[in-house]
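Engineer: This is the structure I want to talk about, given as structure tokens.
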2 protein chains.
Amino acid sequence: MSKRIAGPEIERLIQLLAKVPGLGPRSARRAALHLIKKKEQLLGPLTEAMGEALEKVRVCSTCGNVDTSDPCTICNDPRRDPSTLIVVEDVSDLWALERASAMNVRYHVLGGTLSPLDGIGPDQLNIRSLVDRVAAGGVKEVILAVNATVEGQTTAHYLTDQLSGLDVKVTRLAHGVPVGGELDYLDEGTLTAALKSRTAF
Amino acid sequence: MSKRIAGPEIERLIQLLAKVPGLGPRSARRAALHLIKKKEQLLGPLTEAMGEALEKVRVCSTCGNVDTSDPCTICNDPRRDPSTLIVVEDVSDLWALERASAMNVRYHVLGGTLSPLDGIGPDQLNIRSLVDRVAAGGVKEVILAVNATVEGQTTAHYLTDQLSGLDVKVTRLAHGVPVGGELDYLDEGTLTAALKSRTAF
């Protein structure tokens, strides 16, 4: 705002809300006003929930997931098959795979991809802990569920290398046509991969 | 999420974030993860700012604006002309007019529009306080800056009625072509109004 029309506390709230992904400067103003108007129903409970997250959320020392307990809920769940690990770049990928609930297994969160230009080498990612976890035994398969980007694939190759001496099967996600996808809109790389990996009907 | 993959605190944070305007269930997850990852830079300061807003923000007893002081920063500002009041439906309209910084005057926030079907009559809005404010003297003009909707215009007519006995000029915003607007995209009502209120070139 061009001139002072409210106390600095409201300005600051708007500025900080604008940094939340999904909110811009305009929607941050709308959000701030909504929060202020719904003090009891929303601002209070949300402040409390954020305070709790601030205090309790930590990174799981086993898999790199974020949770309010360490080891996290997933590493602690005895009903999950410990012999398969899905390696993901980020916690958001773990959440996405869990929403699909395709497999009842455990995870390992790398915390990014190898990117020498940005100064991210193997030591900046949770790679050592993955190799240690597999070397400790009990893991039969490691599924590399990294993104299908250049960085993701580079990281996958590096991981395959690191795990090659150990008695473990390393697999990766299938490439192909997304379910519900139209061929016309797909790139050549995906179509080629989908043709190569064709299956019996 | 279909099964428990994190402590209830994270789920609750996501659920509450999803109620913030501008965020949906999907972007609330992204926002929660971002906040958790940026504990020091964002989650901490934002929690603090929200706590301060929760504690300090109140409704101005003079004009109905929200601020951390009562009377609010605008009502307290001695450089603003007290002889003109702009009547708005909502605080967001006040903020919008202030961003335009067209006039250095004071405001009166109604808190909505008359809507008998929703049970909103004159007593549910800050109308009594507006009439009292004008009756107390010193106000020469009341600008009705309500929305150009049916409810807004109904409210404007009611307000004109209530203020008719007092020695005050009641005006409303001009109808016309928005600056930068294309005639082709404008409705007939706006075009008719713009033609009627044409000015010398």
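Read the figures in this text as sums done on the coordinates, not as results from a lab. None of these values were measured; they are calculated from a predicted model. Methodologically, a virtual Cβ is constructed for each residue, glycine included, from the backbone with ideal geometry; neighbour enumeration extends over all protein chains shown.
Engineer: Quick one: Cα centre-to-centre distance for the range A:91-151 and the range B:30-92, in angstrom?
Structural biologist: Using only Cα atoms to place each centre, the spacing works out to 43 Å.
Engineer: Another question, then. What is the helix-to-structure angle for B:91-100, meaning the angle in degrees between its Cα long axis and the longest Cα principal axis of chain B, kept from 0 to 90 and rounded to the nearest 10?
Structural biologist: In chain B, helix B:91-100 runs at an angle near 70 degrees to the longest axis.
Engineer: Efficiency by 1/(1 + (r/R0)^6): what FRET value for A:SER61 and A:ARG4, r their Cβ-Cβ distance, R0 = 56 Å, to the nearest 0.05?
Structural biologist: The formula returns an efficiency of 0.70 here.
Engineer: Near the amide H of A:ILE143, under 5 Å away, which other amide H atoms are found, from residues 5 or more places off or on another chain, if H is placed in the peptide plane?
Structural biologist: Residues meeting the criterion, in which the H sits 1.01 Å from N, are A:LEU85, A:ILE86, A:VAL87, A:THR171.
Engineer: Moving to a separate point now. How large is the Kirkwood hydrodynamic radius of the range A:1-142, in angstrom, based on all distinct alpha carbon pairs?
Structural biologist: Numbers: mean 1/r = 0.0547 Å⁻¹.
Mean inverse Cα-Cα distance, inverted, gives 18.3 Å.
Engineer: Follow-up. Counting other C-beta atoms within 10 Å, which of A:CYS75, A:CYS63 has the fewest, and how do the rest follow?
Structural biologist: Numbers: A:CYS75 19, A:CYS63 25.
With the sparsest Cβ surroundings first, the list reads A:CYS75, A:CYS63.
Engineer: List the distances, in nm and shortest first, from the label point of B:PRO116 to the matching label points in every other copy, placing each point 7 Å from Cα along the Cα-to-Cβ direction.
Structural biologist: Spacings between copies for this position, smallest first, are 7.8 nm.
Engineer: What is the dipole size for the range B:79-172, taken about its Cα centre, with +1 at each Lys and Arg Cβ and -1 at each Asp and Glu Cβ, in debye to the nearest 20? Could you put the intermediate results ahead of the total?
Structural biologist: Numbers: 9 positive and 12 negative charges, 88 e Å.
Roughly 420 debye for the range B:79-172.
Engineer: Moving on to the next point. If one takes the longest principal axis of the Cα atoms in chain B, at what angle in degrees, from 0 to 90 and to the nearest 10, does the Cα axis of helix B:150-163 lie?
Structural biologist: Value to nearest ten degrees: 50.
Engineer: Quick check: net charge around B:SER69, other residues with Cβ under 14 Å of its Cβ, Lys/Arg +1 and Asp/Glu -1? Walk me through the intermediate numbers first.
Structural biologist: Working: positive: A:ARG4, B:LYS56, B:ARG58; negative: A:GLU9, A:GLU11, B:GLU52, B:GLU55, B:ASP67, B:ASP70, B:ASP77.
Once all neighbours under 14 Å are counted, the net charge is -4.
Engineer: Looking at the range B:145-201, which GluC sites (Glu not before Pro) are DSSP coil and have at most 10 other C-beta atoms within 10 Å of their C-beta? Let's see the in-between values first.
Structural biologist: On the way: sites: B:GLU151, B:GLU182, B:GLU188; in loops: B:GLU182.
Those satisfying the criteria are B:GLU182.
Engineer: Compute the FRET efficiency between A:LYS38 and A:TYR185 as 1/(1 + (r/R0)^6), taking r as their Cβ-Cβ distance and R0 = 45 Å, and round to the nearest 0.05. Intermediate values should be presented prior to the final figure.
Structural biologist: Values: r = 41 Å, r/R0 = 0.91.
Working from the Cβ atoms, E equals 0.65.
Engineer: Further, regarding this structure: What distance in nm separates the simple spin-label points at B:ILE120 and B:LEU166, each placed 7 Å from Cα in the Cβ direction?
Structural biologist: According to this spin-label approximation, the distance is 2.1 nm.
Engineer: Give me a comma-separated list of calculated 3J(HN,Hα) values for the range B:120-127, in order, Karplus coefficients 6.51, -1.76, 1.60 applied at θ = phi - 60°, integers in Hz, x for any Gly or Pro.
Structural biologist: Residue by residue, the range B:120-127 yields 9, x, x, 6, 7, 10, 7, 8 Hz.
Engineer: Something else about it: Once phi is turned into ³J(HN,Hα) by the Karplus curve 6.51 cos²θ - 1.76 cosθ + 1.60 with θ = phi - 60°, what whole-Hz value does each residue of the range A:172-181 show in order, with x for glycine and proline?
Structural biologist: Per-residue couplings from phi come out as 9, 5, 6, 8, x, 6, x, 4, x, x Hz.
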